[in-house]
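The values are calculated or read from the model by the stated rules, or taken from the named source; none is laboratory data. This one's a predicted model, so the numbers in the text were calculated from it and none came from an experiment. Note that we place each Cβ from the backbone using ideal geometry, even for glycine, and neighbour counts take in every protein chain shown.
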């Protein structure tokens, strides 16, 4: 029988229980994939990063301090694995111009509070986040897209409170400026 309590599952995994580890993977695989995808912007790369991260978790679970929270520890491994992959690929994802035009056009034609507009805006913002510098992107994704508290972001990224706030400020400013520039261009075209 697989224990349902996370602390008990982790204790079993630390003792080499592969069934408990499978349960741990099942519990967090989707959340991990969503996070990796937001960093990498590619389905296959995200799947590979998640798989690699869970292998690292299995290998390093003995060094995990059970008195601390598991989720930030898992996210730190996942963030490091994903950003390492991103660096290794030496690529910068560009937003297709047709997506930008469609998104800004839809935002201007409709009532700004409709769910469709919010969805289009969310897609556009996520795309703009792809172009941020590495630390800003990571902090922005964790804080504004994943909705984590600043303390969790500090724990996951190993950044100070000031550094998290600074990276978040610059990321938000950059996304906002790029969004306004795109909307201005779209207005001139219309």
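Observations
- The lone exception for residue 53 - which of (1) touching a helix residue (DSSP H, G or I) at 6+ places or on another chain (Cβ under 8 Å); (2) modelled with pLDDT under 95; (3) assigned to a helix (DSSP H, G or I) it fails: (2)
- Cβ-Cβ under 7 Å pairs, at least 6 apart or on other chains, region 175-189 side modelled with pLDDT of 85 or more, far side part of a helix (DSSP H, G or I): 175/125; 175/128; 175/129; 178/128
- When 138, 159, 142, 78 are screened for being modelled with pLDDT of 90 or more, outside any helix (DSSP H, G or I) and surrounded by 15 or more Cβ atoms within 10 Å (Cβ to Cβ), only 159 passes.
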